[in-house]
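The next block holds one structure in the form of structure tokens; read it before the comments.
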Amino acid sequence: MVKFKALISYIISRCKNKKNVGKTVICKLVYFSDFNHYEIYEKPITNETYIKFDKGPLSKHFLDSINITI
């Protein structure tokens with residue numbers, strides 16, 4: 001969970017001045033970061049479980065980590 005929150009914080013810090021970056025974009029960037037790392041190094045960054053969602057994969061703990069609900 002520590003690495004997961006650190007990844008979210010890093011992505012938010014890099015995207016804070018960008019327009020149209022909301023929770024959906026951040027969620028997708030978390031997924032793609034984890035997935036790409038797994039493809040290259042054969043291990044994920046966060047060890048998170050991802051769930052199929054209408055707008056793309058959603059981390060099981062994403063909403064809890066950013067303190068929002070759907």
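Remarks
- Filtering the stretch 61-70 for residues that are open to solvent by 100 Å² or more (accessible area, probe 1.4 Å) and either modelled with pLDDT of 90 or more or among the basic types (K, R) (or both) leaves an empty set.
- Residue within the stretch 15-23 that is within 10 Å of the chain's Cα centre (by Cα) and at pLDDT below 85 present: yes
- Scanning the stretch 32-51 turns up no residue that is outside any helix (DSSP H, G or I) and at pLDDT below 85.
- First in the stretch 26-53 and free of Cβ contacts under 8 Å to residues at least 40 places away in the same chain, second anywhere and open to solvent by 100 Å² or more (accessible area, probe 1.4 Å) and not hydrophobic (A, V, I, L, M, F, W, C), Cβ under 7 Å, 6 or more apart: P44/Y38; T49/K60; I51/K60
- Residues in the stretch 1-25 that are without any contact (Cβ under 8 Å) to a residue 24 or more places away in the chain, open to solvent by 50 Å² or more (accessible area, probe 1.4 Å) and part of a helix (DSSP H, G or I): V2, A6, S9, Y10, I12, S13, R14, V25.
The values are calculated or read from the model by the stated rules, or taken from the named source; none is laboratory data. Everything numeric in this text was worked out from a predicted model, so none of it was measured. Reconstructed Cβ throughout: ideal geometry from the backbone, glycine too, with neighbour counts over all protein chains shown. All accessible areas refer to the heavy atoms of the entire protein, side chains included, with ligands and DNA or RNA removed. Shrake-Rupley method; radii C 1.70, N 1.55, O 1.52, S 1.80 Å.
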